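Accompanying notes for the structure given below.
The values are calculated or read from the model by the stated rules, or taken from the named source; none is laboratory data. On a predicted model such as this, the values are computed, not experimentally measured, just so you know. A quick note on method: Cβ atoms are made from the backbone with ideal geometry, for glycine too, and the neighbour counts reach across all protein chains shown. These area figures cover heavy atoms from the full protein model, side chains too; ligands, DNA and RNA do not enter into them. Shrake-Rupley method; radii C 1.70, N 1.55, O 1.52, S 1.80 Å.
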Amino acid sequence: MRKSPESVQNRTSRSQNDAFCTCTFVQSGICSLNLHWDFFALIFGYSSQRTVTPYLGKNLERGDPDFGAKKMSWNLASGILLLGLGSLSAQLSPAQSLRNCGTARGVLIGTAVRPQLFSEGLYSRTLASEFSMIEPEDAMKWWMIRPEQATFDFTQADRVVEFAEKHSMKVRGHTLAWGWSNPSWLNQNSFTTEQLNRLLQEHIERVVTRYRGRVFAWDVVNEAFDEDGALKASLWYNRPGIGFAGKSTEYIEQAFHWAHAADPEALLFYNDNGAETLNKKSDAIYAMVKDFKYRGVPIDGIGMQMHIFDLQADSHSISKNIARFTALDLQVHITEMDVAAPVDTMGRASAADLARQAEIYRAIASACFANAGCSALQTWGFTDKYSWIGWKTKGAKGNALPFDRYYSPKPAYAALEGSCAAKQPASLHSSPQ
Ligand code: XIL
């Protein structure tokens, strides 16, 4: 998806007002109703202004002998009706959301998902209302799709794609070739180079073809470089690899060619972590993709994962890095953003840390929104109830996402929303410290 800068619009306020209540922060079926005086006045018949009340098609006047009883019953009925309508509209898609704001700006707002959670009402409703793109957190990885050498299992991956189609969302596929997340039969067996070559080709062909026209973008290769910019040793590269060990990025190139052959319309991305700023790793990736573009290797974009573990982000460097990749006519997707905070034994983070976290979300989102080539902003999950950070940090950190564990929006959500709504992205070059 290319951004159209013309589509950038001012967002209106998130609050929805009617005569009786203010629904602040409508999202995902949660609406905190602030009842106005008028609401009580309606229910209990206290009206300082009106002496005529409509009642079943007639006007009811103060002189009517049944005025009190009829008015009270009318008031109760209409109050209940209004409450019902209010809660119904709160549960249906809200007028304002990250999704709508991103759409107006021409940026996809995405999140990683776990299909086994779709049955949880708040999970699905929040997803559908707040996001325009989903990516399976694990469901399209090798270990999920190919648990045994003889078995392809697309059950969970299909559920992600079906959910997206039902809710008019895009699907990002993740990931076709990675040194991690491979099934044990693949890791443990000593396949030859030729066998590995055939296995990877078959996998890419089979998976990409199955979702042709339904998955709009793929992370073709994930995390191939180390922090010094050298290629990581891996099954696909040199252990023993698919036939290009010691041949620089040729194995990556091969994977892109296979993916392109299987779906020429799909956008193909190289995805990595720790390469969000200008550094040795991003330099190596930059050199690779520049070479790919020059030689016509089918690559469309770069995924910047954006896992932030220390409540610090150099948004100035990130902006420059985004700019150099987009200058190559590549799209940038922020693919896996989360901002981990230290947590206590109950999983709580301090208010100060949540405020710092929010500023980081704001700065990164603003860096993306400011660059027309940054076409998707995705978080790695959306509720603190389900995040990989606790597992990754052995419980030391968490609370990393825009919604808390009860699906209430956090300061980070407001920061994302504010950044999206801002005409000129704020704090573009300030480093949140
Ligand atoms: C993580 C998932 O979130 C976990 O559920 C899984 O156990 C391990 O992988 N970079 C990636 C993602 O590209 O696929 C990883 O996802 C997080 C780091």
³J(HN,Hα) computed for each position of the range 225-231 - Karplus, 6.51 cos²θ - 1.76 cosθ + 1.60, integer Hz, glycine/proline x: 10, 8, 5, 8, x, 8, 6
Of all DSSP beta bridges in the range 98-421, antiparallel share, percent nearest 5: 10 percent
Protection-proxy order for peptides 169-176, 241-248, 115-122, 100-107, each taking the mean of Cβ atoms within 10 Å per residue, highest first: 169-176, 100-107, 241-248, 115-122
Accessible area, probe 1.4 Å, largest first, for residues Thr326, Thr151, Thr111: Thr151, Thr326, Thr111
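What do you reckon, how do Lys423, Lys410 stack up by accessible area (1.4 Å probe), largest on top? Walk me through the numbers before you get to the answer.
Numbers: Lys423 140, Lys410 15 Å².
Of Lys423, Lys410, the descending order of accessible area is Lys423, Lys410.
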Label-point gap, in nm, between His257 and Trp185 - each point 7 angstrom along Cα→Cβ: 2.8 nm
Accessible area of the range 296-364 divided out per residue, in Å², using a probe of 1.4 angstrom: 33 Å²
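Rounded to two decimals, what is Rg over Rh for the range 191-319 when you use alpha-carbon atoms and the Kirkwood radius?
Details: Rg = 15.2 Å, Rh = 15.4 Å.
Expressed as Rg/Rh, it is 0.98.
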Hz values of 3J(HN,Hα) by residue in the range 235-252 - Karplus curve (6.51, -1.76, 1.60), Gly and Pro given as x: 3, 7, 8, 9, 10, x, x, 9, x, 10, 4, x, 9, 6, 8, 5, 5, 5
Approximate spin-label separation Ser350-Lys232, in nm, with each point projected 7 Å along Cα-to-Cβ: 3.3 nm
HN-Hα J in Hz across the range 349-363 - Karplus 6.51, -1.76, 1.60, θ = phi - 60°, x for Gly and Pro: 9, 6, 4, 5, 5, 5, 5, 5, 4, 4, 5, 5, 4, 4, 5
Full-stretch length increase - Ala150, Glu265 - with 0.36 nm per residue and alpha-carbon distance subtracted: 38.5 nm
For the range 273-369, alpha-carbon Rg over 2.2 N^0.38 Å: 1.24
Cα radius of gyration and Dmax for the range 98-421 (Å): 18.9, 55
Cα centroid separation - the range 291-341 against the range 98-177, whole Å: 21 Å
Efficiency of FRET from Cβ geometry, Arg324 and Arg405, R₀ 45 Å, rounded to 0.05: 0.75
Gain on full stretching of the segment that runs from Thr193 to Asp310 - 0.36 nm per residue minus C-alpha separation: 38.1 nm
